[in-house]
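Every read-out reported here was derived from the displayed coordinates using simple, explicitly stated rules and does not represent laboratory data. Nothing here was measured: the structure is a model prediction, and the numbers come from that model. Reconstructed Cβ throughout: ideal geometry from the backbone, glycine too, with neighbour counts over all protein chains shown.
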Amino acid sequence: MCRRRPSPGPVPAGCGTIGGMSSQPPASGPSDHGGDEPSYADRVYRSGSALAGGVLMLAVAVWLGGDAVLRGDGRVPVVSLAALLVAVPLIVAMTLRPAVYAGERRIRIRNPFRTVVAPWSAVETVRARYSTELVAQGRTYQMWSIPVSLRARSRAQRHNQRLASGESPRRGLFGVSAPSPDDYQERTAPADVAVRELRELAERHREEPEARGEVTTRWSWELLAPMAAGLVLLLILWITA
């Protein structure tokens with residue numbers, strides 16, 4: 001999923017959708033550069049299926065763990081609490097936290113346990129092989145929130161090959177439904193669409209003075225700390241069992 005963060009100016013109605021990603025038009029208003037160009041809000045890329053799965057897993061973990069903490073006997077409440085200290089941050093890190101924020105000056109990659117901020121001048125390329133990657137200042141950083149689906153890529157390639165050969169595109173179960181006008185357009189896998197958009201942003205803003213700087217990284221201690229505490233508590237409980 002891709003969306004734009006709120007911007008100071010009004011946002012025109014309507015947005016485009018490609019596969020599992022969507023993008024909104026730029027917000028009107030003065031640019032940060034002092035000119036009359038429109039000011040673009042940050043594009044946000046994240047996986048909708050990961051968000052849904054994370055919320056479901058959190059609900060199950062809190063339900064089961066909370067019940068054990070409140071109603072368990074003996075060491076069960078303490079063990080359950082320690083397990084929750086490990087499980088909840090881990091679920092948040094792997095499902096809810098990953099996101100990519102792309103603005104006019106920089107790209108911010110929020111992975112499960114680390115955040116990478118790279119100004120566009122430092123970005124060498126963005127690519128999608130078996131995973132989406134950003135190459136900046138000689139180092140490679142994965143983007144967890146933009147998963148690469150080889151199945152979606154293969155399906156798009158087969159669709160485009162059918163169009164190129166003059167065959168009618170397939171639609172519906174077993175391809176028996178009548179194709180719509182959109183089915184006669186070439187398709188691109190969602191991850192490849194996101195990579196193309198990020199490359200365009202990098203090319204557009206790489207030479208701007210505001211996009212200069214160094215790549216910075218920060219560990220997600222707000223998630224690592226409770227996980228470490230839970231693991232230590234589980235280890236103590238296991239030793240003293």
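Couplings 3J(HN,Hα) for the range 57-72, derived from phi with the Karplus relation 6.51 cos²θ - 1.76 cosθ + 1.60 (θ = phi - 60°), are 5, 4, 4, 5, 5, 5, 5, 5, x, x, 5, 5, 5, 7, 10, x Hz, where x marks Gly and Pro.
Estimated at 0.36 nm per residue, the fully extended path between Ile236 and Arg204 surpasses their Cα-Cα distance by 6.1 nm.
Spin-label model, Thr217/Ala229: points 7 Å from Cα along the beta carbon direction are separated by 2.6 nm. Summarising the amide proton neighbourhood of Ala136: residues at separation of 5 or more, or on other chains, whose placed amide H is nearer than 5 Å comprise Glu124, Tyr141.
Compared with the direct C-alpha span, the chain from Arg114 to Ala59 gains 17.3 nm at full extension, assuming 0.36 nm per residue.
Under 5 Å from the amide H of Val148 lie the amide H atoms of Thr132, each residue being 5 or more positions distant or on a separate chain, with H modelled from the backbone and absent for Pro and chain starts. Scalar couplings 3J(HN,Hα) for the range 78-90, obtained by applying the Karplus form with A = 6.51, B = -1.76, C = 1.60 to θ = phi - 60°, are 5, 4, 5, 5, 5, 5, 5, 4, 8, 6, 4, x, 5 Hz; x denotes Gly and Pro. Think of the range 197-241 as having a plus end and a minus end, set by charges on the Cβ of Lys, Arg, Asp and Glu; of Leu223, Leu237, Leu201, Leu237 sits farthest toward the positive end of this dipole.
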